[in-house]
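**Student:** One structure coming up, written as structure tokens, with questions to follow.
The values are calculated or read from the model by the stated rules, or taken from the named source; none is laboratory data. These figures come from a predicted structure and were not determined experimentally. Backbone-built Cβ (ideal geometry, glycine too); neighbour counts: all protein chains shown.
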Amino acid sequence: MQCDDVIWDIIGNKQFCSFKVKTKSQSFCRNEYNITGLCNRSSCPLSNSQYATIREEKGQCFLYMKVIERAAFPARMWEKVKLSRNYEKALEQIDESLIYWPRFLRHKCKQRFTKITQYLIRMRKLVLKRQRKLVPLSRKVERREKRKEEKALIAAQLDNAIEKELLERLKQGTYGDIYNFPVHAFDKALEQQDEESEEEEEGEDEEEEDDEGVGKSEFVAEEELEESDLSDFEEMNKLKTSSDEEEQDDEEESSGEEEEEEEEEEEEDEMKVETKTKATSKSKGKSPANGSTARKKRAYVEIEYETEPAPKSRAT
Amino acid sequence: MDITEVPVSNDNKGKKNEYKKPKNKSVTKERNAVEPKLEPKLEPKLEASETAFPPTFSVSEIKNKQRRHHMFMKFKQEKSKLKLQVKKKKKKEREALGDKAPPKEVPKTIENQRVYDETTVDPEDEEIAFDEGTDEFSAYFNGLTNPKVLITTSDRPRGRTVRFCEQLATVVPNAHVYYRRGLALKKIIPQCVARNFTYLMVINEDRKMPNGLVLCHLPDGPTAHFKISSVRLRKEMKRRGKDPTEHSPEVILNNFTTRLGHSIGRLFAALFPQDPQFVGRQVATFHNQRDFIFFRFHRYIFKNEKKVGIQELGPRFTLKLRSLQKGTFDSKFGEYEWVLKRHEMDACRRKFQI
């Protein structure tokens, strides 16, 4: 015989109920047919022979009813009624089916049905909005990629690469006339080429560049220079490679123009001396004598005599 | 341990073991009660070492940790000695030969060993030149349009992402930051086009860190999706300079060799105005190394024609390309030109796509 009180007495508070979930303040019922979800005498589907629930399947709501007449037939115990999609009509259906049933069950059924329809509406709305796609990360892969990135960063040598690129652009002249260096770079490159060729052949290249040098020397008209110095320059035209002279001319030009920063001047001077030392060191056979004479004369001519010792350390 | 042992070491080991024998015996006597098992194992080993080494002997077969460790260290020392000897010999030979010595061997790097990619762009390739003349960036490269960038984030950005966006906006000239506020990208794209924006940048955020970048070139241009890693904001930089000025920076694109790399490079190049202002002395670098694109923003100064000093301003981050899609942003129905497929592409260590 089905006796609800006895059942509730057992599973309610005293002994074990497998659907019961106890928390500090309240206990819940995990039974799928429970109408409120709480573990109560009136909400327990096991300890109520006459019971009704609303359940939802794939967006369709059904009313389930259980009566004591079918308590002996578990397979047929729950009567399933499909509810209409229309909210009001469905409520009427519930009323109709649960006529003469206890107030509590009727009320709770309608409440549950309302809640279900509300969340179904919200689901449908959300699908239309932007969905956030969660992409699972694989920890191994992420770790590997991190390591690869570190290694790639080390291999990249970014600072060097950037500096090289900038210097390349400077050499190619993309910066135009903003910086006064470009001519130096060009001359240096020329000079190096010349020295290499000097070692092989004598004189031919010099003459060509002498012509260039002559063209360039016209630009020089410095206050520092005196006529005697000019004549020295002309002599040195014949003696040295004109690329050096070009440098000197241009350096004087630039140093004359840019008297703003001493550093630049010093640097240029250092470079100038450096290049001289370079020239002398590189051209092994040809013109050490010339170079030395040039340097001597140069020392008298310019004020930069004082900075000679510094660049020597640099050149070596 | 490898079994390929040089015969020299064998003798040494034999000698060592012989020396150790008395030690062994005393130890075993002590341990008799405790570890009777060890004894039978030890004894055959001792016997073997005494007479001749079986060729399959390896240091790992010695059960006692101390002894094993000792043997291993000895083995290692032998190895390094041998190596040194070989090195010295080689050096002597090289000196002896003088000029005729064979050239020094270049060490193998991943860049050296990179599998040749058949889509590597040849600078004189006509087809590619033609392609580039008629692709979506041609308007920019012909000087018709000026870049105008819209930077936004995913929903509800956290402080770090917001600051990152702001800093990006200072780096890229003519950039505007807007809050997302739950708008759908597909809806804001036509609005952007109407207002003459050329680029849309969306920084995706996860767990309070920016981790993704969607770069969409606007009048139906390609959309690239990147993964961002190691973001460093301005205040976290060491020895950084003052804030970047309003001058348009120069752009450096390094190592974009393949066809895909070429298109990505153009994508980046079109972010910045065509004529950089050299007065500002600022340079933005996109450097590709092993499929990671490193972004840096520097200010440079030429000390002389051989030296340039650079000072890092601006944020830095690394990008890894995840997908390149042909039209504007459409993740479901878009036509993907290239998608990162991890299993295929990560299989070979020497193969890179960009």
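**Student:** Do you know which residues across the range B:332-354 are touching a helix residue (DSSP H, G or I) at 6+ places or on another chain (Cβ under 9 Å), under 21 Å from B:Val214 (Cα atoms) and not in a helix (DSSP H, G or I)?
**Tutor:** B:Glu337, B:Trp338, B:Gln353, B:Ile354
**Student:** Further, regarding this structure: Give all pairs with beta carbons closer than 6 Å in which a residue from the range B:91-120 that is within 14 Å of chain A (Cβ to nearest Cβ) meets a residue that is in a strand (DSSP E or B) and at pLDDT below 85; count only pairs at least 6 apart in sequence or on separate chains.
**Tutor:** none
**Student:** While we're looking at this one, here's another question. What single numbered condition from (1) acidic (Asp, Glu); (2) under 30 Å from A:Val127 (Cβ atoms); (3) not in a loop (DSSP other than H, G, I, E, B) fails to hold for A:Glu32?
**Tutor:** (3)
**Student:** Restricting to the range B:149-189, and then to whatever is touching a Gly at 6+ places or on another chain (Cβ under 9 Å) and farther than 19 Å from B:Phe272 by Cβ, can you tell me which residue is surrounded by the fewest Cβ atoms within 10 Å (Cβ to Cβ)?
**Tutor:** So, considering only residues that are touching a Gly at 6+ places or on another chain (Cβ under 9 Å) and farther than 19 Å from B:Phe272 by Cβ, the one surrounded by the fewest Cβ atoms within 10 Å (Cβ to Cβ) is B:Arg156.
**Student:** Condition (residue is closer than 23 Å to A:Arg130 by Cβ, among the polar types (S, T, N, Q), touching a helix residue (DSSP H, G or I) at 6+ places or on another chain (Cβ under 7 Å) and outside any loop (DSSP other than H, G, I, E, B)) applied to the range B:161-177: is it met by at least one residue? Show your work before the answer.
**Tutor:** Of all residues in the range B:161-177, those closer than 23 Å to A:Arg130 by Cβ come to B:161-162, B:164-165, B:176-177.
With among the polar types (S, T, N, Q) added as a condition, the list becomes B:161.
Imposing the further condition that a residue be touching a helix residue (DSSP H, G or I) at 6+ places or on another chain (Cβ under 7 Å) reduces the set to none.
No, that holds for no residue.
**Student:** I need the full set of residues from the range B:280-296 which are at positive phi and either buried (at least 24 other Cβ atoms within 10 Å of the Cβ) or under 25 Å from the mean Cα position of the chain (by Cα) (or both), in order please. If you could, list the steps in order and put the result at the bottom.
**Tutor:** Step one: filter the range B:280-296 for residues at positive phi, giving B:281, B:290-291.
Within the range B:280-296, B:Arg290, B:Asp291 meet the criteria.
**Student:** For the structure I just gave you, tell me whether A:Tyr100 is out of contact with any helix residue (DSSP H, G or I) (no Cβ under 8 Å at 6 or more places or on another chain), touching a residue at least 40 places away in the same chain (Cβ under 8 Å) and hydroxyl-bearing (Ser, Thr, Tyr). Don't jump to the end; show me each part of the working.
**Tutor:** Details: out of contact with any helix residue (DSSP H, G or I) (no Cβ under 8 Å at 6 or more places or on another chain): yes; touching a residue at least 40 places away in the same chain (Cβ under 8 Å): no; hydroxyl-bearing (Ser, Thr, Tyr): yes.
No; evaluated as a whole, the condition is false for this residue.
**Student:** Residue by residue through the range B:318-329, note down the ones that are in a loop (DSSP other than H, G, I, E, B) and within 13 Å of chain A (Cβ to nearest Cβ). Explain how you work it out, then say what you get.
**Tutor:** First pass over the range B:318-329, keeping only residues in a loop (DSSP other than H, G, I, E, B): B:326-329.
If the condition is that a residue be in a loop (DSSP other than H, G, I, E, B) and within 13 Å of chain A (Cβ to nearest Cβ), then B:Phe329 is the only one that fits.
**Student:** Just a yes or no: is a residue in the range B:206-223 small (Gly, Ala, Ser), under 25 Å from B:Trp338 (Cα atoms), more than 12 Å from chain A (Cβ to nearest Cβ) and assigned to a strand (DSSP E or B)?
**Tutor:** Of all residues in the range B:206-223, those small (Gly, Ala, Ser) come to B:212, B:221.
Those still in the list that are under 25 Å from B:Trp338 (Cα atoms) too: B:212, B:221.
Okay, now just the ones that are also more than 12 Å from chain A (Cβ to nearest Cβ), so B:221.
Among the residues that remain, those that are also assigned to a strand (DSSP E or B) are: none.
Checked against the condition, which is being small (Gly, Ala, Ser), under 25 Å from B:Trp338 (Cα atoms), more than 12 Å from chain A (Cβ to nearest Cβ) and assigned to a strand (DSSP E or B), the range B:206-223 yields no hits at all.
**Student:** Another one. Return the pairs, sorted by first residue and then second, in which the second residue is aliphatic (A, V, I, L, M), the first residue lies in the range B:268-290 and is assigned to a helix (DSSP H, G or I), the beta carbons are less than 7 Å apart, and the residues are 6+ apart or on different chains.
**Tutor:** B:Phe268/B:Leu253; B:Ala269/B:Val251; B:Ala269/B:Leu253; B:Phe278/A:Ile178
**Student:** Right, here's the next one. Residue under question is A:Ala72, and the condition is that it be at pLDDT below 95 and more than 30 Å from B:Ile228 (Cβ to Cβ); does it hold?
**Tutor:** On the way: at pLDDT below 95: yes; more than 30 Å from B:Ile228 (Cβ to Cβ): yes.
Yes: the conditions hold for A:Ala72.
**Student:** A follow-up question, please. Looking at the range B:297-317, is at least one residue buried (at least 16 other Cβ atoms within 10 Å of the Cβ), among the β-branched types (Val, Ile, Thr), closer than 15 Å to A:Lys148 by Cβ and within 12 Å of chain A (Cβ to nearest Cβ)?
**Tutor:** No, because not a single residue in the range B:297-317 is buried (at least 16 other Cβ atoms within 10 Å of the Cβ), among the β-branched types (Val, Ile, Thr), closer than 15 Å to A:Lys148 by Cβ and within 12 Å of chain A (Cβ to nearest Cβ).
**Student:** Applying the selection to the range B:222-252, what residues are over 22 Å from the mean Cα position of the chain (by Cα) and more than 25 Å from B:Asn174 (Cβ to Cβ)?
**Tutor:** Within the range B:222-252, just B:Arg239 meets the criteria.
**Student:** Follow-up question, since we're still on this one. Could you list, in sequence order, all residues of the range A:113-144 that are in contact with a helix residue (DSSP H, G or I) (Cβ under 9 Å, 6 or more places away or on another chain) and either under 30 Å from B:Leu253 (Cβ atoms) or more than 7 Å from every other protein chain (Cβ to nearest Cβ) (or both)?
**Tutor:** Correct list: A:Phe113, A:Thr114, A:Thr117, A:Ser138, A:Val141.
**Student:** Shifting gears a bit: What is the one condition in (1) over 28 Å from B:Gly327 (Cα atoms); (2) modelled with pLDDT of 90 or more that B:Leu200 does not satisfy?
**Tutor:** (1)
**Student:** Which one is surrounded by the fewest Cβ atoms within 10 Å (Cβ to Cβ) among residues in the range A:4-20 that are among the charged types (D, E, K, R) and within 12 Å of A:Cys44 (Cβ to Cβ)? Give the derivation first.
**Tutor:** The initial filter retains those residues of the range A:4-20 that are among the charged types (D, E, K, R), namely A:4-5, A:9, A:14, A:20.
The next check asks that each one be within 12 Å of A:Cys44 (Cβ to Cβ); those that pass are A:4-5, A:9, A:20.
Numbers: A:Asp4: 16, A:Asp5: 10, A:Asp9: 14, A:Lys20: 16.
Only one residue tops the list, namely A:Asp5.
**Student:** With the requirement that a residue be of a type in the set (D, E, K, R) and on the phi > 0 side of the Ramachandran plot, what does the range A:13-72 give you? Quick ask: steps written out before the conclusion?
**Tutor:** Initial filter on the range A:13-72 (of a type in the set (D, E, K, R)): A:14, A:20, A:22, A:24, A:30, A:32, A:41, A:55-58, A:66, A:69-70.
Listed by number, the list holds a single entry, A:Lys58.
**Student:** Let me ask you something else. Would you be able to say whether some residue in the range B:245-255 is surrounded by 18 or more Cβ atoms within 10 Å (Cβ to Cβ), more than 14 Å from chain A (Cβ to nearest Cβ) and not small (Gly, Ala, Ser)?
**Tutor:** no
**Student:** Out of everything in the range B:264-291 that is closer than 30 Å to B:Ala347 by Cα and in contact with a helix residue (DSSP H, G or I) (Cβ under 9 Å, 6 or more places away or on another chain), what residue ends up being farthest from the other protein chains (Cβ to nearest Cβ)? Explain how you work it out, then say what you get.
**Tutor:** To start, the set of residues in the range B:264-291 that are closer than 30 Å to B:Ala347 by Cα comprises B:264-268, B:285-291.
Checking the rest, the ones that are also in contact with a helix residue (DSSP H, G or I) (Cβ under 9 Å, 6 or more places away or on another chain) come to B:266, B:285-291.
Working: B:Arg266: 18, B:Thr285: 5, B:Phe286: 11, B:His287: 6, B:Asn288: 9, B:Gln289: 4, B:Arg290: 4, B:Asp291: 8 Å.
The residue in question is B:Arg266.
**Student:** Among the residues of the range B:122-136, write down those that are within 30 Å of the chain's Cα centre (by Cα) and loosely packed, with under 14 Cβ neighbours inside 10 Å.
**Tutor:** B:Asp122, B:Pro123, B:Glu124, B:Ala129
**Student:** Okay, moving on. Just to be sure, is B:Lys242 outside any strand (DSSP E or B), without any contact (Cβ under 8 Å) to a residue 24 or more places away in the chain and away from chain A (no Cβ under 11 Å)? Before the answer, list the steps.
**Tutor:** Working: outside any strand (DSSP E or B): yes; without any contact (Cβ under 8 Å) to a residue 24 or more places away in the chain: no; away from chain A (no Cβ under 11 Å): yes.
Considered against the rule, which asks whether it is outside any strand (DSSP E or B), without any contact (Cβ under 8 Å) to a residue 24 or more places away in the chain and away from chain A (no Cβ under 11 Å), B:Lys242 comes out as no.
**Student:** Right, here's the next one. Being on the phi > 0 side of the Ramachandran plot, in a strand (DSSP E or B) and not basic (Lys, Arg) is true for just one of B:Gly309, B:Gly314. Which residue is that? Working first, answer last.
**Tutor:** Working: B:Gly309 fails: on the phi > 0 side of the Ramachandran plot.
Being on the phi > 0 side of the Ramachandran plot, in a strand (DSSP E or B) and not basic (Lys, Arg) holds for just one of B:Gly309, B:Gly314, which is B:Gly314.
**Student:** Given (1) more than 24 Å from the chain's Cα centre (by Cα); (2) at positive phi, identify the lone condition not met by B:Asn255.
**Tutor:** (1)
**Student:** Name the residue that is nearest to B:Lys326 (Cα to Cα), counting only residues in the range B:82-141 that are in a loop (DSSP other than H, G, I, E, B) and aromatic (Phe, Trp, Tyr). First the steps, then the outcome.
**Tutor:** Of the range B:82-141, the ones in a loop (DSSP other than H, G, I, E, B) are B:101-119, B:121-125, B:135-137.
Imposing the further condition that a residue be aromatic (Phe, Trp, Tyr) reduces the set to B:116, B:137.
On the way: B:Tyr116: 26, B:Phe137: 13 Å.
Result: B:Phe137.
**Student:** For the range A:40-124, please list each of the strands (runs of 3 or more DSSP E) lying entirely inside it that holds at least 2 residues being among the hydroxyl-bearing types (Ser, Thr, Tyr) and crowded, with 17+ Cβ neighbours inside 10 Å.
**Tutor:** By residue number, A:51-57.
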